[in-house]
Every structure is written in C-alpha cells, then in structure tokens.
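Undergrad: Take this structure, written in structure tokens, and hold onto it; I'll ask about it next.
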Amino acid sequence: MKLYTVDAFTDVPLGGNPAGVALFEGALPDEEEMRRVAAQMGYSETAFLRRIGPERFVVRYFTPVEEVALCGHATVGSFSLLLQKGLIEGGRTYIAETGAGDIRVDVADGLVWLDMASPRELGALSEADEAALLAMYGLPADAFGALRPAIVDTGLPDIMMPLARPALLAALKPDMEAISLLSKRLSVTGVHAFACAEDAVHCRNFAPLYGIDEESATGTSNGALTYYLYRRGLVFPGKTNLFVQGEAMEKPSKVYSRLTQGENGAVSIRVGGSAVVREG
C-alpha cells in the first residue's frame, strides 16, 4: 500500500479539498483496515484504489467514520495522482468501479471529468422540516427566496438548501448535532447550501453525520445541485457550470459541471476539476 494526500478541485497546494489516496497492487484490505487507515489519514474521504485492467479500477471510499458509495473529490484526486505517476495517460477514458456503480472518468487538458450516477430528485421537504432547517442554520424565514429545499441524488443523496443572497451563505451558524439528526432521519448524507451569483454558484457543504462538519469541495453534491438547478430552468444542457466552495474555510475550490440531455430526454451529469499531489 502507498498512501498519498491530494488536494482536489484546485491547482494550488493546500487549496481545494484534501483527500487520502491509497494505491494497492493486490487485493484491497478488509473494511475494518480501510476504516482505520481513513481515520488515521483524517480527511473527509480516503479512496482505496486497485487496478484490475488496462482501463478499469476498483475504488472504495471511506470517511473517518463510514464507507460511502462515491466521492467526487477523492476520484478527481485519485486519477490526477495516477496521471502524475504515469500510471494512466491523458486523453483516455477509464472506468472506476464504485459502490454507486461503474463511473466513466475522462482525463483531458489537465482536468479529470467523471460521470455522476443517474440524477434523481427524491422529493421536497415538509414545512416542518423546512422550518427546522432554517432554525438549525440561524436563518430568517425568507432565507430560501423563490426556491425551496429538495433532496437530490447523483451518487449520494443531499438536501439542496437554496439561499436568496450570498451574504446569507457566509453568515450561516450551523448546529451540527441538529444537522446530523435531520440527515439521519431523512436518510441523506448532509446539506448542500448554495446561493447563485453572476460569477458562479457559491456553496457550503455540511455532513456531520459522517464526521464532516464542513467540506471545502464536494463533487457529488455539486452534481446534484446541477440537476436541481436544471429542473428549475437555471442550468442548461451543454453549458459548463462553475461552483465555488470552501470560501468560508479559506480553501476556495472550483468544481465544474456539465449536463447532457439525450434524444430520449435522459439526463447525464459530469463534474470535473484539477488536483495537486501534496505528499507521498
């Protein structure tokens, strides 16, 4: 096993979102060992990676607490590391076998692009849960503006929490225990708060149920947000979207997304970004 730290969704060391990456030549260890290594690394996610074919890899993801099906920033970090080590080539397509299914990964022009799982909007929140959400972030009654929270899944289910003004995003006062309890009751990973601005969509992500109070870049959540905005006429097929996350943590990250609509109306979403190998 070889362990690395990779800063994903950034081109600056110590920017973006750090992930652990563990490379294996043989079989992956048992779950208890991977959980132990992830806790030792101390990052929001550590990816455990093994090559099983010329263009195919098995990838499992662990937070310091639990295994998760898919992690966008750890995938970007993993394939950026493989590229830098000469283990894969630019301009090629690879497959990552994950808990969320087979994920296509393209490496092109210094960016790693990966497919999200098929997007699904799982439903709105009840009025009572909306009120609870406002309370646990210290928000006023009109904070959501014209939009409403909803649960969306592109590999991991999250609550999309719209905010009418970027100033509200910066002023959030999260109650981590309350967020954990709501996340557990609604069977979601966490809450992805966002506010639209002219330059980008600005985001903050909270998943304390999985040991992540706040995360500086979240590929799966921004993939879900892409679908949420598309369904409300705010994102369009074929366009590249920019999500800026981590500003409140002084670790600004840039996550790109693209949505494609097929002839049959089916929608697919990709997220992309760069990464810096910092240790190893």
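This table checks each residue for (1) farther than 17 Å from G272 by Cα; (2) touching a residue at least 12 places away in the same chain (Cβ under 8 Å); (3) not assigned by TED's automatic domain parsing to the domain that holds P174.
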| position | (1), (2), (3) |
| --- | --- |
| L83 | no, yes, yes |
| L87 | yes, yes, yes |
| A96 | no, yes, yes |
| V105 | no, yes, yes |
| L111 | no, yes, yes |
| L125 | yes, yes, no |
| A132 | yes, yes, no |
| M136 | yes, yes, no |
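Undergrad: A further question on this structure: For the range 253-279, which positions are within 17 Å of G77 (Cβ to Cβ) and surrounded by fewer than 18 Cβ atoms within 10 Å (Cβ to Cβ)?
TA: V277, R278, E279
Undergrad: Something else: Does any residue of the range 261-274 turn out to be assigned to a helix (DSSP H, G or I), modelled with pLDDT of 95 or more and either in contact with a Phe, Trp or Tyr (Cβ under 6 Å, 6 or more places away or on another chain) or not hydroxyl-bearing (S, T, Y) (or both)?
TA: Within the range 261-274, none of the residues are assigned to a helix (DSSP H, G or I), modelled with pLDDT of 95 or more and either in contact with a Phe, Trp or Tyr (Cβ under 6 Å, 6 or more places away or on another chain) or not hydroxyl-bearing (S, T, Y) (or both).
Undergrad: When the residues of the range 108-124 are narrowed to those that are outside any loop (DSSP other than H, G, I, E, B), under 15 Å from V255 (Cα atoms) and among the hydrophobic types (A, V, I, L, M, F, W, C), which ends up farthest from the chain's Cα centre (by Cα)?
TA: Looking at residues that are outside any loop (DSSP other than H, G, I, E, B), under 15 Å from V255 (Cα atoms) and among the hydrophobic types (A, V, I, L, M, F, W, C), I get L111.
Undergrad: Mind checking which residues of the range 84-128 are at positive phi and charged (D, E, K, R)?
TA: Passing the criteria: only D109.
Undergrad: Can you confirm whether the range 193-207 contains a residue that is surrounded by 24 or more Cβ atoms within 10 Å (Cβ to Cβ), of a type in the set (K, R) and outside the structural domain of F79 (by TED's automatic domain parsing)?
TA: yes
Undergrad: Answer yes or no as to whether L182 is touching a residue at least 40 places away in the same chain (Cβ under 8 Å), over 23 Å from G272 (Cβ atoms), more than 13 Å from the chain's Cα centre (by Cα) and in a helix (DSSP H, G or I).
TA: yes
Undergrad: Being out of contact with any helix residue (DSSP H, G or I) (no Cβ under 9 Å at 6 or more places or on another chain) and outside any loop (DSSP other than H, G, I, E, B) is the filter here; which residues of the range 125-139 pass it?
TA: E127, A128, E130, A131, L134
Undergrad: In the list A207, A224, A197, which residue meets the criterion of being in contact with a strand residue (DSSP E or B) (Cβ under 6 Å, 6 or more places away or on another chain) and more than 18 Å from L259 (Cα to Cα)?
TA: So the residue among A207, A224, A197 that is in contact with a strand residue (DSSP E or B) (Cβ under 6 Å, 6 or more places away or on another chain) and more than 18 Å from L259 (Cα to Cα) is A207.
Undergrad: I need the full set of residues from the range 33-56 which are farther than 27 Å from R92 by Cβ, touching a residue at least 24 places away in the same chain (Cβ under 8 Å) and surrounded by fewer than 16 Cβ atoms within 10 Å (Cβ to Cβ), in order please.
TA: Matches in the range 33-56: A39 only.
Undergrad: Tell me whether the range 166-185 contains one or more residues that are touching a Lys or Arg at 6+ places or on another chain (Cβ under 9 Å) and under 22 Å from A8 (Cβ atoms).
TA: Yes.
Undergrad: If you don't mind, there's one more thing I want to ask. Residues in the range 219-260 that are part of a strand (DSSP E or B), within 15 Å of D199 (Cα to Cα) and either hydrophobic (A, V, I, L, M, F, W, C) or without any contact (Cβ under 8 Å) to a residue 12 or more places away in the chain (or both): how many?
TA: Adding up the residues that qualify gives 4.
The values are calculated or read from the model by the stated rules, or taken from the named source; none is laboratory data. Predicted, not measured: the structure shown is a model, and the values here were computed from it. Cβ sites come from the backbone with ideal geometry, for glycine too, and all protein chains shown count toward neighbours.
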